[in-house]
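In what follows, a single structure is set out as structure tokens and then discussed.
The values are calculated or read from the model by the stated rules, or taken from the named source; none is laboratory data. Since this is a predicted model, take the numbers as computed values, not measurements. Glycine gets a Cβ as well: all are built from the backbone with ideal geometry, and neighbour counts include every protein chain shown. We work out accessible area using only protein heavy atoms, side chains counted, and drop any ligands, DNA or RNA first. Shrake-Rupley method; radii C 1.70, N 1.55, O 1.52, S 1.80 Å.
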Amino acid sequence: MQRIGKNAGRPEGQPYALAAAFFLVCALALAFPWLSGRVTIPWDAKAHFFPQFAFLAHALHSGQSPFWTPHVFAGMPQIADPQSLIFAPFFLLAAALVPEPSFVLADAIVFAMLAMGGLALIAYFRDRGWSAAGGLLAALAFAFGGSAAWRIQHVGQIMSLAWLPVTLWLLARGLDRRSALYGAAAGAAAALLVLGRDQVAFLGVLMLSAYAAYRVATDESPKLSAVAPLAAGALTGLTIIAVPLAFTLELAAHSNRPEIDLDGAFKGSLPPGSFWTLISANMFGTDGPLKNFWGPPAGERDLFLARNMTNVYLGELTLVSLIAALGRRFLSNKEIRFFAAAALFFALYALGRYTPVFAFFYHLPGVDLWRRPADATFLLGATLAILAGYGFNLVERGEATPRTAWLVGAVAALFAVALLIAAAKGHLNQASWPLAISAIFAALAIALILATRDRLLRGPYLLAAVATLMSVDLTIGNGPNESTALPPEQFEALRVDGKDPVIAYLRGKLKETATPDRRDRVELAAIDFHWPNASLVHGFDHDLGYNPIRLRLFEDVTGAGDHLALPEQRQFSKLYPSYRSVLSDMLGLRFIATGVPIEKIDGNYKHGDFVELTRIGDVHIYENPRAMPRVILATCAIHVDFAAMMKSGEWPEADYRETVLLETPPICHTRKDAPPATAKILSYENDRIVAEASAPPGGGWLVLHDVWHPWWFANLDGVEAPILRANVMFRAVAIPEGRHEVRFHFQPLRGLLTELSRR
């Protein structure tokens, strides 16, 4: 591969700026249903990421730290959570500017990032000297095709995907020009890609690393000349990611999922039949009612994939361009050979258990961190978009001249096989209409390819034709559907100023029960998919939440799953066998809102365990009158083995308003004539808590019923004091006789360094 200079290889008169303008207009049109507020990106985008966005904004505008949240799972280290958006520049900037994020703003950021990736692809095509129309095709297929469209609700993976073309463009420039400056810029973009800390980011880094190695091996320039851009990129990237990545790795070590075994990964494999969605987005009924969906993974055993995860439709022009250009000339370009190999790799990776290859891939370092091979479809879509854009470029340049009969025959054969499959499965009537629509767009794509081959369309007219055909096709094929777009009214519970009556009732009750020592928790169980993280939006404390990553200690003690949208998702544990338990009291679980009667969730629940306060629609609200305060002053300590307790599920007989369990020798200071022990909260913020305690002669222990974590530190009257793990998973500080002030501080960097120094 020749070294490409600043202007080398760029054809004269190619309207790249116009291609970018067409792309932005198309992007606005394709995103308009969401940007208008008519629909909003649902599922994880609202259930998980929007609450994180709202929490981040609220923390910044209230002068608090967003590094720890008390609002889910009895406390979580946000700074280490890949999904907290703290290290997502677009969301962080918006959170800093807008105190109350809206659904439209959150959705607009997602589409803006995809647009950024599309523009970067056009810039990459410009630098390679490939046609502007090919770049436009690639950009639209990348941003609004495949998993980028059908899995747009997976906001974290979308962000990682969006940084991929940016990094590729800057990396290619750095190697083209042997520029340390562009290499450093590529390193910065790669760092933002890595900070997605998800499988798309992982696979993207693998691809970019392989691309860099391939370029060094195949470029005609001296090998040593690549050292400057690559070293600058590595140094810049490592500087940016070192600390955040260390936080996440440490969280992984303390989490419920430090690795995924091979059988667990196999359950996220992409069924081979999914590739038929390259021909027609909806031949399986993906965008219709779930009961009418007949494609994979329906009928597949032990697969945990939603139907939208198996759709990879990129537009008929994308498919036809690939078919039209395939041949010796197509693969004569060294860079295209790389992307063809990458596409094959991602296809095999995504198939998971359906080929023997993934069992080999699983042994690559890092693959065991991720649970779904099917996530590779994000990268497959990106590489196919590049290949299709390049193929269109060859047709436009006259370097690929597909014969009309062959092109029509090849495409027709694919549709014929698709019809035969539908007929064999008994769904011919259902599949006929989607296939007919796709066939119309395929015919238009063939006509456009032939017109391009014969140079009947050139310049702005060709760009307009590509933009129009792709936009209309993707609007119909990949347009708003129940996987990607739902009415915003369905998510009223997530609006800070919303009028959801359940949220309003709970907030009112929490205000009524607030006292100096209390900060009661609630639980939102089996109401709807988007409810578990509503506490992050509204600023109250939930004992559980929604997150695939949880502290292992908390999960082991409570049995907490990653979600509780359905009754069966509410898991209990040996130490927490029922809502009526010692642990629910310690958690201060005062109010429970359930979408079904509580006994349908808790098989051990007995009538009268809690007080049913009211019912609002389908939601039952209960009160636990035994819920304990957030802080207490215990005067007795019992020595226990926490590991043995978790194994047996047995709690010692004790009054836990006066007694604390510790893994230290037992001691009791209680005297009948002693003044009462008291504790109260002076201030409670995300990362700092100030409490005041009054201890009788002999002292006691201030117990804070927040989850224990090694990155929290305490001061007693201004002097550092150790935080003891108490009552299996909470925090305690030893207090001498008298009145004292205890300050808890979340110091993640210090905590991380302390943990690393002990290894």
Cut-off under 5 Å, modelled amide H: who pairs with Thr614 long-range: Ile621
Ranked order, Arg688, Arg173, Arg458 - accessible area, probe 1.4 Å, largest first: Arg458, Arg688, Arg173
Value at 222 nm in deg cm²/dmol, rounded to 500, when DSSP H runs of n ≥ 4 in the chain each add -39,500 (n - 2.57): -14500 deg cm²/dmol
Dipole magnitude of the chain about its Cα centre (Cβ charges: Lys, Arg +1; Asp, Glu -1), debye to nearest 20: 2200 debye
Set of aspartates and glutamates with alpha-carbon distance to Lys606 below 15 Å, sequence-local pairs under 8 removed: Glu623
Rg/Rg_ref, segment 328-415, where Rg_ref = 2.2 N^0.38 Å and atoms are Cα: 1.35
For the chain: span of alpha carbons on each principal axis (Å, largest first): 102, 62, 46
Point-to-point label distance, Thr664-Asp368, nm (Cα→Cβ direction, 7 Å offset): 3.8 nm
Computed E for Ala341/Ala231 - FRET, C-beta separation, R0 25 angstrom, nearest 0.05: 0.45
Sequence-distant lysines (8 or more away, or on other chains) whose Cα lies within less than 28 Å of Lys600: Lys46, Lys291, Lys499, Lys509, Lys574, Lys647
Zero-based 10 Å bins, Cα pair distances in segment 406-482, whole percents: 17, 39, 32, 11, 2
Lys600 accessible area, assembled protein chains, probe 1.4 Å, Å²: 140 Å²
Carbon/sulfur fraction of accessible area - segment 690-746, other protein chains in place, 1.4 Å, %: 52 percent
With 5 Å bins from 0: P(r) over segment 191-273, alpha-carbon pairs, percent: 3, 11, 14, 19, 16, 13, 10, 8, 4, 1
